[in-house]
Amino acid sequence: CNPEVDTLLKAARSSTDNAARKQKYDAAARILNDDLPIIYLGHQAWIWALKKNVTGFVPSPDGMIRLQGVKKS
């Protein structure tokens, strides 16, 4: 949230002059480019424990347990 960007976008939307609109949108774009968000990348360790008689389990990167192909012998 940036009140200055909100003001510029509102002014650009309410104007009928294309040159003024472009100026407002360009100013808003400059602010947004300077304030680029930080993206945090992370990895969560999933730990799976199975009995020896369970076969066919394939862990998914999203951590969901999918039992397709899992068998108990």
Extension length gain for Arg30 and Val5 (0.36 nm per residue less Cα distance), in nm, is 8.0 nm
Tilt, helix 18-34 to longest principal axis of the chain (alpha-carbon atoms), in degrees rounded to tens, equals 40
Length gained, Ile65-Arg13, 0.36 nm per residue minus C-alpha separation, equals 14.0 nm
Rounded to the nearest 10 degrees, the helix 3-14 long axis (Cα) sits at an angle to the longest Cα principal axis of the chain of 60
Given (1) 8.7; (2) 5.5; (3) 4.8 as possible values of mean projected area of the Cα convex hull in nm², the one from the coordinates is (1)
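None of the figures in this text is laboratory data; all of them are computed from the coordinates on show. Please read these numbers as outputs of a predicted model, since none were measured by experiment.
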